[in-house]
Amino acid sequence: MSELVAAGLTLTAGTATLVDGASFRLRPRELVALLGPNGAGKTSLLRASLGIQKRSGGEATLGGRDSERLSPAARARLVSYLPQARSIAWPNVVRDIVALGRFSHGASIGALWAADREAVERALEACDLAHLANRRSDTLSGGELARLHCARAFAAEAPLLVADEPVGGLDPFHQFRVLDITKAFVDRGGGALIVLHDVALAARYANRLLWMKDGCIVARGTPQETLSAERLAAIYGVRARVDGLRVALEGAA
Amino acid sequence: MTPPALLLVGFAVATLLALGAACGLGSTPMSAERVLAALLGGGDAGDRLVVWEIRLPRALAAFLAGAALGASGAALQGLFRNPLAEPGVLGVSATASLTATFFLYYGLASLSAWVLPVAAIAGALAATALIAVAAVFTRSIVTLILIGIGIASFTGAAMSLLMNLAPHPYALSDMINWMLGSVANRSVDDIALAAPFLLLGLIILYGSRRGLAALTLGEEAAAGVGLNLLRQRAATVLGAGLSTGASVALAGVIGFVGIVAPHIVRPLVAHDPARSLAPSALLAGLLLVLADIGVRLIPSEQELRLGVVAALVGAPVFVWIVVRRGVRE
């Protein structure tokens, strides 16, 4: 079963505890949003659970195997990871960047098998980039770039997706676009764990929410169960009105 | 044929023509027929001597030294995701020439013919490894290049110290040869000493080229798509160190060709760092063969050094790339 499971995960750096005994599970067919203020340890939790950063304690498995012991290529075939840093060093065309998503399958830009080529085309299609396939990536807008990174993540055709702030810096329209694309991936059978800062957006799209503060996951459950004005005050220190899944932020508490 | 394959064939054909021209041109020009006859073991005995003992080794040395620098430049640029990374700029060549000169200075080079290439390679590996380790701790390429400049300045100072203390003018001229870069009077034996290391370095670089493309996405995302970062860094450092060190052992310090060649190649291979490697090696080799023909033909009292000519052409290109990047960002 392709699941990402973290149990009692701890990550320390020097004397600071970045992640403190966090547990969660990501299964196919669900979209989980990881919420929390800056510095809560969200990125560290993602890295440690994927085995990209060495954990200090606890366990993390991917598809039943210790995520730290997986080879990078084996890990990439189980989960696509979209980090916050989304630089593109060279002015490659869109299709070539998406093709890099096939790296774990042994492909390179100049040598794609039929299966790789089809996966690339499917990813371009899913992210509505087919018409931009031959454009240089340094001529794209922010929204188009965000879709490009989604497409290269989907091109791996891994069962799971872990994305760190995939809608950071996007206008509301493009935030919806990227989350629609992610939702479609989940509907096709994928499992997605995404870090979001927009609580209303998370409540609208996610099946489950993980609320994180000071390195700990302090609450978890469906948006209906866990979203409240008190929760927003406790997590972010903001005053808010919450009506069902509708959220109106009113100011700092 | 795909454009990158076409490029390879084109550069390979041009290189063969340039090597042939290098055999024919010189103080006593030879016709193509005479060169061909001498190459095939026929023709005049004097022609065979000139071609096989003097002109061909020299041209081959220029080609090999260039190919090593072109491939190292392309690979380091891929690893550091910056078009300005290059053995010369990062101080790798200077360190190689310092260690080689040091062994030369203390007469240790006479122990064995292998001492010199091994010393140069050790220096190149040390400098490359130092920069790669620094790269783990800093995200900024500017910092890396500054570290490289620091290394180059230090080795320059150490070199000046050795020259300052040089016991006799003969040692001094030896050192100047290393610093200025030249393939004059190279023999088949010189090539045989450097070539194994140089080719091994090229093979390692070529074998690890796929990861350079993944690094286009940045290190974290590259690891995310399945790249073993540690192994990639080690392979590029080892490959660039071996081939650059061997290149310095063969031809001394020749700067900027490792920047210029990949810069020309990149747009022709759709900016794919993996596919820029082989054409960059061929083009850099070709450029040095052509430059060396030029050096030999320019009528001057003292023969111009290949490294000097390369720097005179390459340094302005370096500045041009910096300015253009500055404008774009």
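Each 20 Å bin from zero holds the following percent of Cα-Cα pairs in the protein assembly as shown: 20, 43, 26, 10, 1. Kirkwood radius, segment B:137-195, all distinct C-alpha pairs, inverse of mean reciprocal distance: 14.2 Å. Compactness of segment A:9-139 was expressed as the Cα radius of gyration divided by 2.2 N^0.38 Å, which yields 1.24. Ranked for footprinting exposure by Cβ neighbours inside 10 Å, fewest first, A:D243, A:D96 give A:D243, A:D96. Within 15 Å, Cβ to Cβ, of B:A74, how many net charges do the neighbouring residues add up to if Lys/Arg are +1 and Asp/Glu are -1? Every neighbour counted, the sum reads +3.
What is the sum of charges, Lys and Arg at +1 and Asp and Glu at -1, for the other residues whose Cβ falls under 11 Å from the Cβ of B:R209?
Details: positive: B:R210, B:R275; negative: B:D272.
Summing Lys and Arg as +1 and Asp and Glu as -1 gives +1.
Working from Cα positions, state the angle (0 to 90°, nearest 10) between the long axis of helix B:115-137 and the longest principal axis of chain B. Relative to chain B, helix B:115-137 is tipped by roughly 20 degrees. The mean of 1/r over all distinct Cα pairs in chain B, once inverted, gives the Kirkwood hydrodynamic radius of 20.0 Å.
Put in order of Cβ neighbour count within 10 Å, fewest first, the listed residues A:T226, B:T216 become A:T226, B:T216.
Using all pairs of distinct alpha-carbon atoms, the Kirkwood hydrodynamic radius of segment B:1-119 works out to 17.4 angstrom.
Normalising by residue count, segment A:4-252 has a Cα convex hull of 128 Å³ per residue. Where a Cα-Cα gap under 22 Å defines reach, which lysines qualify for A:K213, not counting those fewer than 8 residues away within the same chain? List returned: A:K42, A:K54. Fewest neighbouring Cβ atoms within 10 Å first, the residues B:T236, A:T222 line up as A:T222, B:T236.
Summing Lys, Arg as +1 and Asp, Glu as -1, what charge do residues with Cβ under 14 Å from the Cβ of A:A60 carry, A:A60 excluded?
Details: positive: A:R25, A:R47, A:K54, A:R55, A:R65, A:R69, A:R75; negative: A:E3, A:E59, A:D66, A:E68.
Net local charge, A:A60 excluded: +3.
For segment B:61-328, the relative contact order is 35 percent, taking Cα pairs closer than 8 Å that sit 6 or more residues apart in sequence and dividing their mean separation by the residue count. Under 5 Å between amide hydrogens, built in the peptide plane, is the criterion, and for A:G57 it picks out A:T10 among residues at least 5 positions away or on other chains. Measure nothing but the geometry: give the 0 to 90° angle between the long axis through the Cα atoms of B:273-297 and the longest principal axis through the Cα atoms of chain B, rounded to 10°. It is inclined by approximately 30 degrees.
Taking amide hydrogens as placed 1.01 Å from N in the peptide plane, the amide H of B:G88 sits under 5 Å from those of B:S93, B:F256, each at least 5 positions away in sequence or on another chain.
When all alpha-carbon pairs of segment B:88-128 are counted, what percent fall beyond 11 Å? Intermediate results must be reported in sequence, preceding the final value.
On the way: 450 of 820 pairs.
Of the Cα pairs, 55 percent sit more than 11 Å apart.
Laboratory data are not the source of any read-out in this text; all were calculated from the coordinates shown. Keep in mind that what you see is a predicted model, and the values were worked out from it rather than measured. Neighbour counts are summed over all protein chains in view; Cβ atoms, including those assigned to glycine, are modelled from backbone coordinates with ideal geometry.
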